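This report refers to the structure that appears directly beneath it.
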Amino acid sequence: MRRLLYLAPVGLFLVLAGYFAFSLRPGYDPHTLPSAMIDKEAPVFELARLAGNGTIGREALKGHPVVVNFFASWCVPCRVEHPLLMRLAQREHIPLIGIAYKDKPADSARLLAQFGDPYRDVGMDRDGRTGLDFGVYGVPETYVIDATGHIRKRFVGPLSAEAVDHELLPLLRTLGGS
């Protein structure tokens, strides 16, 4: 029994060493968060539009590839990625749908008036239910939806120019959206 007591630290060390070796393997990105929604149809939702009357729902995501961006006026990283979203809308002509996550309509409108509005449409997810259905951990999060309404890619955190140029745009070209 005493020998087992002496071997316990060695066993713990081997378990930790195995975990770190697994985490440091080539090609492993610890920032990648898996999503159970990849290759599944986007969840059903119906949100009030920020501007104008009516609602926006899942049907707006079908017929052509689209990029859905969850953002909020109170989100500092959302402001950091905003110029990149403007570039996507203006130069790349990417169809962007914005979902204001747990935000007040007046605050979202003020943000878009101040920094520019890259979105073709914006839905108000005041209670965060749609974000929860998509699997949003926090804002910003961006989803690439194909023409059939299926989620093909998820970007957690603010988009970077590298991610846009090497992942998002090539994927949209493959899907026939750019």
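What to note about this one:
- Output for region 83-106, where each listed residue is out of contact with any strand residue (DSSP E or B) (no Cβ under 8 Å at 6 or more places or on another chain) and over 22 Å from Leu172 (Cα atoms): Lys104, Ala106
- Taken over region 161-178, the criterion of being over 14 Å from Val66 (Cα atoms), without any contact (Cβ under 8 Å) to a residue 40 or more places away in the chain and either loosely packed, with under 15 Cβ neighbours inside 10 Å or not acidic (Asp, Glu) (or both) is satisfied by Glu162, Ala163, Asp165, His166.
- Given (1) over 17 Å from the mean Cα position of the chain (by Cα); (2) of a type in the set (D, E, K, R); (3) at pLDDT 95 or above, index of the condition Glu59 fails: (3)
- Residues located in region 45-81, provided they are of a type in the set (Lys, Arg) and either in a helix (DSSP H, G or I) or under 19 Å from Ile145 (Cα atoms) (or both): Arg58, Lys62, Arg79
- Residue in region 82-96 that is within 22 Å of Gly157 (Cα to Cα), of a type outside the set (Ser, Thr, Tyr), in a strand (DSSP E or B) and within 18 Å of the chain's Cα centre (by Cα) present: yes
- Test: Asp103 is closer than 16 Å to Gly149 by Cβ, modelled with pLDDT of 95 or more and not aliphatic (A, V, I, L, M): no
- In region 121-139, residue nearest to Arg173 (Cα to Cα) [restricted to those that are at pLDDT 95 or above and touching a helix residue (DSSP H, G or I) at 6+ places or on another chain (Cβ under 9 Å)]: Asp121
- Candidate set from region 83-102 (those that are touching a Phe, Trp or Tyr at 6+ places or on another chain (Cβ under 7 Å) and crowded, with 22+ Cβ neighbours inside 10 Å); member that is farthest from Arg49 (Cα to Cα): Tyr101
- For the criterion of being in contact with an Asp or Glu (Cβ under 7 Å, 6 or more places away or on another chain) and either modelled with pLDDT of 95 or more or surrounded by fewer than 16 Cβ atoms within 10 Å (Cβ to Cβ) (or both), Pro158 passes.
- Among the residues listed as Gly18, Gly27, the single one being at pLDDT below 80 and on the phi > 0 side of the Ramachandran plot: Gly27
- Pairing residues of region 53-64 that are closer than 11 Å to Gly123 by Cα and in contact (Cβ under 8 Å) with a residue 12 or more places away in the chain with residues that are surrounded by 11 or more Cβ atoms within 10 Å (Cβ to Cβ) and of a type in the set (Lys, Arg), at Cβ distances under 6 Å and at least 6 apart in sequence or on separate chains, gives Ile56/Arg49.
The values are calculated or read from the model by the stated rules, or taken from the named source; none is laboratory data. As the structure is a computational prediction, the values presented were derived from the model and not from experiment. Every residue, glycine as well, gets a Cβ built from its backbone with ideal geometry; the counts of neighbours run over all protein chains shown.
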